[in-house]
Amino acid sequence: MSKAASAFTVMVKPIGSACNMACRYCYYLGNELSHRRPMSYETLEVLIRNYFDSSPGPVVSFIWHGGEPTLRGIDFYKKAVELEKKYLPKGYECWNNIQTNGLELSDEWCQFLKKERFDVGLSIDGTALIHDSFRKDASGKGTYDRVKASIERLKRYGIRPDLLCTVNAQTCEDAYNVYRQLRDLNTGWIQFIPIVNMDGDGIVDPYSVDRKRYGSFLKTVFYQWLYNDLDKLGVQLFMEMMQVYAGNSQTLCWLQERCGNVPVVESDGKVYSCDHFVREEHCLGNIHEDSLSSIMDGDKQRSFGERKAFLNEKCRNCPYLSICNGGCLKDRDRNNCNVLCESYLEVFEEAEEPLRKAAKLWMEGNSFKKIMEELKKDRDEKWKDIKGNAPCPCGSGRKYKHCCGK
């Protein structure tokens with residue numbers, strides 16, 4: 001079997017869209033093409049061998065996703081690790097990431113994830129009020145307390161999960177508290193994922209993030225993080241911006257110039273272009289019949305990935321094109337414009353100067369604590385003319401003299 005021309009990561013749906021939550025904004029639950037039947041051990045073995053034979057290496061990465069992937073049971077993942085060790089090519093490394101809602105994470109699960117060095121992404125929507133409004137279990141009960149307990153359990157086993165927080169219309173109203181409560185969970189990493197669910201006419205549903213207020217949300221998060229927590233945790237979007245200003249490439253697919261390097265394998269073995277495009281027209285084949293290398297190098301997936309570069313004039317002339325490259329395809333309207341463009345532009349403009357300086361200081365070998373101290377000096381000089389009784393620009397809602405100006 002020939003190797004694919006470039007490296008790729010495989011997102012696996014071992015239980016399809018089956019889930020023990022019924023999140024109000026979920027884009028995947030109603031997908032009729034996502035099988036809710038468990039992936040068989042036969043399909044699992046075919047997948048691992050196919051991927052290892054197709055990948056140019058030296059790193060192969062699985063993202064175990066859902067639905068809720070833990071519903072496939074811990075024995076399935078023990079078998080996956082066994083097969084990975086059996087078939088891993090010499091000189092290759094294998095990484096596993098599981099994206100979970102946390103409800104099934106018992107001590108046994110945590111012991112296994114720690115032993116086998118799984119990275120863990122865990123979904124929690126900031127405050128208890130917001131989380132329990134949207135992330136209910138199958139019986140309609142809120143899940144915040146159980147999810148928070150799972151985070152603490154993971155930490156006791158030495159696992160600091162990446163926190164995934166969706167941002168919807170309600171979240172935007174409480175940016176300060178959402179960020180602070182996520183930060184106080186002390187896991188070291190936060191991702192904010194905007195909810196954008198559009199119909200065929202480009203109309204977003206009521207749960208989607210407000211296309212203008214998302215910018216204000218991100219700016220509040222940015223100020224809180226940059227001047228208080230840069231030395232303690234990473235916020236994904238801003239760390240990606242720093243990477244670009246430091247002369248490196250983005251790691252997030254939706255920020256890259258070309259996408260399509262994270263295909264989805266459903267529980268029946270069918271392969272689709274992307275997690276957000278599990279549709280008949282984006283079915284690329286089946287791992288039981290096709291090599292992943294032929295799928296990834298095929299015209300259909302190549303054309304899908306190149307669609308990201310088809311930009312409208314506004315995007316092509318944007319000074320921040322090198323940051324977002326037009327954003328995610330799923331968030332573009334019928335005019336090929338990202339519906340969150342205005343918000344991204346707002347935060348990119350606000351963050352550019354301090355993040356360019358942070359990147360420069362970082363490349364010079366300064367610690368994040370030292371970088372934060374330098375940036376605070378710049379902030380105090382920039383904001384020195386703000387009157388003490390004016391609202392603080394950091395978004396806390398407090399007066400400047402009782403917040404950043406104290």
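The values are calculated or read from the model by the stated rules, or taken from the named source; none is laboratory data. Please read all numbers here as calculations on a predicted model, not as lab measurements. All Cβ positions, glycine included, derive from the backbone under ideal geometry; neighbour counts span all protein chains shown. Note: areas computed on protein heavy atoms with side chains; ligands, DNA, RNA excluded. Shrake-Rupley method; radii C 1.70, N 1.55, O 1.52, S 1.80 Å.
Nearest 0.05, what FRET efficiency do Lys115 and Lys314 give at R0 = 51 Å with Cβ-Cβ as r? Write out the running numbers ahead of the final one.
Details: r = 50 Å, r/R0 = 0.98.
Rounded to the nearest 0.05, the efficiency is 0.55.
With a cut-off of 13 Å between beta carbons, the residues surrounding Cys318 carry a summed charge of -3, where Lys and Arg count +1 and Asp and Glu -1.
Quick check for me: using +1 on Lys/Arg Cβ and -1 on Asp/Glu Cβ, what's the dipole size of the range 307-406 about its Cα centre, in debye to the nearest 20? Present the calculation step by step, with values, prior to reporting the outcome.
On the way: 22 positive and 16 negative charges, 61 e Å.
Roughly 300 debye for the range 307-406.
The relative contact order of the chain comes to 17 percent, based on Cα pairs under 8 Å that sit 6 or more residues apart. The residues of the range 53-192 expose on average 42 square angstrom of accessible surface per residue, using a 1.4 Å probe on protein heavy atoms. Couplings 3J(HN,Hα) for the range 249-254, derived from phi with the Karplus relation 6.51 cos²θ - 1.76 cosθ + 1.60 (θ = phi - 60°), are 8, 5, 9, 6, 4, 6 Hz, where x marks Gly and Pro. The range 312-349 and the range 200-270 have Cα centres lying 12 Å from one another.
Please give the net charge around Lys384, taking every other residue with its beta carbon less than 13 angstrom from that of Lys384, where Lys and Arg add +1 and Asp and Glu add -1. Write out the running numbers ahead of the final one.
Numbers: positive: Lys376, Lys377, Arg379, Lys382, Lys387, Lys401; negative: Asp378, Asp380, Glu381, Asp385.
Summing Lys/Arg as +1 and Asp/Glu as -1 gives +2.
Counting only protein heavy atoms and a 1.4 Å probe, tell me what percentage of the range 301-399's accessible area is made up of carbon and sulfur.
On the way: 2740 of 5560 Å².
Using a 1.4 Å probe with all protein chains present, the range 301-399 comes out at 49 percent carbon and sulfur.
In a shell of Cβ-Cβ distance under 12 Å around Asp145, excluding Asp145 itself, what net charge do Lys and Arg (+1) and Asp and Glu (-1) give?
Working: positive: Arg135, Lys141, Arg146, Lys148; negative: Asp132, Asp137, Glu152.
That sum, taken over residues with Cβ under 12 Å, equals +1.
A simple spin-label model places the labels of Ser40 and Lys85 2.6 nm from each other, with each point 7 Å out along Cα-to-Cβ. Note on Rg and Dmax of the Cα atoms in Å: of the candidates (1) 21.7, 69; (2) 24.8, 77; (3) 20.7, 58, the value calculated from this structure sits at (1). Sparsely packed loop sites in the range 132-234 (the trypsin sites (Lys or Arg not before Pro) outside DSSP H, G, I, E and B with at most 16 other Cβ atoms within 10 Å) comprise Lys141, Lys212, Lys232. Distant-in-sequence amide contacts of Gly285, defined by a placed amide H-H separation under 5 Å and a gap of 5 or more residues or a different chain, comprise Val271.
With a/c under 1.5 counting as rounded, go ahead and sort the range 312-398 into rounded, prolate or oblate using the C-alpha gyration tensor (a ≥ b ≥ c being the square roots of the eigenvalues; past the cut-off, prolate if a/b is larger than b/c, else oblate). Here the range 312-398 falls in the oblate category. Considering only Gly234, Trp64, Cys404, whose Cα is most displaced toward the positive end of the charge dipole of the chain, charges sitting on Cβ of Lys, Arg (+1) and Asp, Glu (-1)? Toward the positive end, the furthest listed residue is Cys404.
When both bridge partners sit in the range 54-148, DSSP labels roughly 10% of those beta bridges antiparallel. Only bridges whose two residues both fall in the chain count here: according to DSSP, what percent of them are antiparallel, nearest 5? Rounded to the nearest five, the antiparallel share is 30 percent. Taking the 1.4 Å solvent-accessible surface of the range 209-251 as the whole, the part contributed by carbon and sulfur is 38%. Each helix, a run of at least 4 DSSP H residues, gives -39500 (n - 2.57); summed and divided by the residues of the chain, these come to -11000 deg cm²/dmol at 222 nm.
Taking the accessible area of the range 18-113, probe 1.4 Å, and keeping the other protein chains in place, the carbon and sulfur fraction comes to 49%.
What the Cβ-Cβ distance of Ser294 and Glu93 gives, at R0 = 22 Å and to the nearest 0.05, is a FRET efficiency of 0.40.
Using a probe radius of 1.4 Å on heavy atoms only, what accessible surface per residue do you get for the range 200-248? Whole Å² is fine. It would help to have the intermediate numbers written out before the result.
Details: 1810 Å² over 49 residues.
Ligands and nucleic acids excluded, the result is 37 Å² per residue.
Taking 0.36 nm per residue of separation and subtracting the current Cα-Cα distance, fully stretching the chain between Glu364 and Glu173 would add 64.9 nm.
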